[in-house]
Amino acid sequence: MTDDSTTTLSLDEVRELARSVLVASGMDERGSAVLADLVQMSERDGPRSHGLRMLPVYAQSFSSGYANPVSSPRVERTAPGVLRGDGDNGYYQIVAAKAREELIEMARENGIAAFTCSNCHHLGALRFDTGPLAEAGLVALGVVNSLSMVVPQGGVRPVFGTNPMSFACPRPGGEPVVWDQASSMVALMDIRLAAAEGHDLPRPAGLDPDGQPTQDPNAILESRSLLPFGEHKGAAIAFLIEVLGAALAGGTLSVDNANREAYGALNIKGGHTLIAIDPARFGNETFGVYVQRICAEIEGNGDARVPGDGRLKNRAAVKADGVRVTADLMAQLRELQ
Ligand code: NDP
């Protein structure tokens, strides 16, 4: 029998719960602090699928020996504008936390700088990788490849991961613009949700085991073949991410990322690239005014909104009402503590 009751936690309680579960799972204090922040930010801004629900998955990745809970990542400058990371088989955010200040400094010095990283695991939602650069006044573009699930346009088997990309830039007078999106038409989590709720998807979002487009979520989960967003255009973006992520960083190609021993989103050990640009070095002193103008043209334009601003609404609601956690998840987390 399932328990439908929920517990409401403050964001501080979410962070502390995450930290204690990670420490109990064998992670060191430094790494636990970084991942606990990521869990807290995911519960605050969304997507919640990357928040508390990830904790049992992190714990499993350590107990199975798949990921290193006490990683000692390395970061090395290989050219004036290139910073290279090795995650020591730990989680990406831990390397990124180590690299961020240096990347910002390099972008300010050179106008543009890039960080690539391999030998590391799933980074969660990309928005938390690009957002801090925009808060520092930079424009950021981040990509990561993942586990092959997206079929190229007209193809019959997956080549690309759900390969997300994220863009962020400062917005004078307001929070930075930050958006991130997967290369699949529908997120894997939403397909799982439709299967659990027993209904079809609104449009064909994947292939059935015979290679035919289908709206049936169970058939898509069986084939593990998703369609790209925007047909051939989305497939081309997934290609770009595979090259800028896996190939440039020397990470694992999505087709080779098939460790079925680790479950959930964690059977991913791709390559990451984060590009930081300092607009102040490009000569347009009114860069910020341009951003404001673009946003102003979107706001109040029918139902349109600036991409990524939905997270600000989530943030305000969670700060006011707290985070609701189901009894089942809470029980699972207490057991891991
Ligand atoms: P969505 O399709 O839900 O949203 C994509 C982006 O568009 C978001 O920034 C969203 O921000 C914005 N958006 C949504 N609706 C609108 C609208 N009507 N107008 C303007 N902007 C809108 O995201 P995905 O399902 O594609 O991706 C979900 C998450 O999963 C991302 O955070 C991604 O980074 C992550 N991911 C991670 C992977 C990994 O391997 N690490 C793999 C794949 C995905 P908002 O709603 O806040 O405005």
Query raised in the report: Do we find a residue being open to solvent by 60 Å² or more (accessible area, probe 1.4 Å), closer than 21 Å to SER254 by Cβ and away from the ligand (no atom under 12 Å from the Cβ) anywhere in the stretch 173-184?
Result: no
**Report entry** Flag for ALA247 being at pLDDT 95 or above, open to solvent by less than 70 Å² (accessible area, probe 1.4 Å), away from the ligand (no atom under 16 Å from the Cβ) and aliphatic (A, V, I, L, M)
**Finding:** yes
Query raised in the report: Of the residues that make up the stretch 83-94, is at least one open to solvent by 40 Å² or more (accessible area, probe 1.4 Å), within 19 Å of LEU244 (Cβ to Cβ) and away from the ligand (no atom under 16 Å from the Cβ)?
Result: yes
Requested in this report: For the stretch 121-130, indicate whether the set of residues that are open to solvent by less than 10 Å² (accessible area, probe 1.4 Å), at pLDDT below 95 and assigned to a strand (DSSP E or B) is non-empty.
Outcome: yes
Requested in this report: Test ASP86 against the criterion of being modelled with pLDDT under 95, out of contact with any His (no Cβ under 9 Å at 6 or more places or on another chain) and outside any helix (DSSP H, G or I), and give yes or no.
Outcome: no
**Report entry** Criterion (open to solvent by 50 Å² or more (accessible area, probe 1.4 Å), more than 22 Å from TYR92 (Cα to Cα) and among the hydrophobic types (A, V, I, L, M, F, W, C)) met by exactly one of ALA236, ALA327
**Finding:** ALA236
Query - Filter result for ARG192 (of a type in the set (D, E, K, R), within 13 Å of the ligand (Cβ to nearest atom) and surrounded by fewer than 16 Cβ atoms within 10 Å (Cβ to Cβ)) - result: yes
Query raised in the report: Do the conditions hold for ALA219, that is, is it out of contact with any Leu (no Cβ under 6 Å at 6 or more places or on another chain) and at pLDDT below 95?
Result: no
Report task. Scan ALA316, ALA238 and give me the residue that is in contact (Cβ under 8 Å) with a residue 24 or more places away in the chain and not charged (D, E, K, R). Result -> ALA238
Report task. Return the total of residues in the stretch 251-282 being at pLDDT 95 or above and either over 19 Å from ASP88 (Cα atoms) or assigned to a helix (DSSP H, G or I) (or both). Result -> 8
Requested in this report: Inspect the stretch 176-199 for any residue being more than 23 Å from GLY271 (Cβ to Cβ) and in contact (Cβ under 8 Å) with a residue 60 or more places away in the chain and give the result as yes or no.
Outcome: yes
Requested in this report: Filter the stretch 28-44 down to the residues that are open to solvent by less than 10 Å² (accessible area, probe 1.4 Å) and in contact with a strand residue (DSSP E or B) (Cβ under 9 Å, 6 or more places away or on another chain), then identify the one that is farthest from the ligand (Cβ to nearest atom).
Outcome: GLY31
Query raised in the report: Taking only pairs six or more apart or across chains, which ones have beta-carbon atoms under 6 Å, a first residue in the stretch 40-62 that is within 13 Å of TYR91 (Cα to Cα), and a second residue that is part of a loop (DSSP other than H, G, I, E, B)?
Result: ALA59/SER25; SER61/ALA67; SER61/ALA262; PHE62/SER25; PHE62/GLY26; PHE62/PRO69
Report summary line: Screening ALA113, ALA140, ALA134, ALA168 for residues that are away from the ligand (no atom under 16 Å from the Cβ), over 26 Å from TYR58 (Cα atoms) and open to solvent by less than 10 Å² (accessible area, probe 1.4 Å) leaves only ALA113
Report task. Can you tell me which residue among SER25, SER72 is more than 16 Å from the ligand (Cβ to nearest atom), open to solvent by less than 40 Å² (accessible area, probe 1.4 Å) and at pLDDT 95 or above? Result -> SER25
**Report entry** Candidates SER49, SER61, SER71 - the one that is polar (S, T, N, Q) and closer than 20 Å to LEU193 by Cβ
**Finding:** SER49
Report task. Give the residues of the stretch 274-325 that are under 30 Å from ALA247 (Cα atoms) and within 24 Å of the chain's Cα centre (by Cα), sorted by residue number. Result -> LEU274, ILE275, ALA276, ILE277, ASP278, PRO307, GLY308
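The values are calculated or read from the model by the stated rules, or taken from the named source; none is laboratory data. Here the structure is a predicted model, which is why all the values come from computation and not from measurement. Cβ: placed from backbone, ideal geometry, glycine included. Neighbour counts: every protein chain shown. Quick note on the areas: whole protein, heavy atoms, side chains included, nothing else; ligands and nucleic acids left out. Shrake-Rupley method; radii C 1.70, N 1.55, O 1.52, S 1.80 Å.
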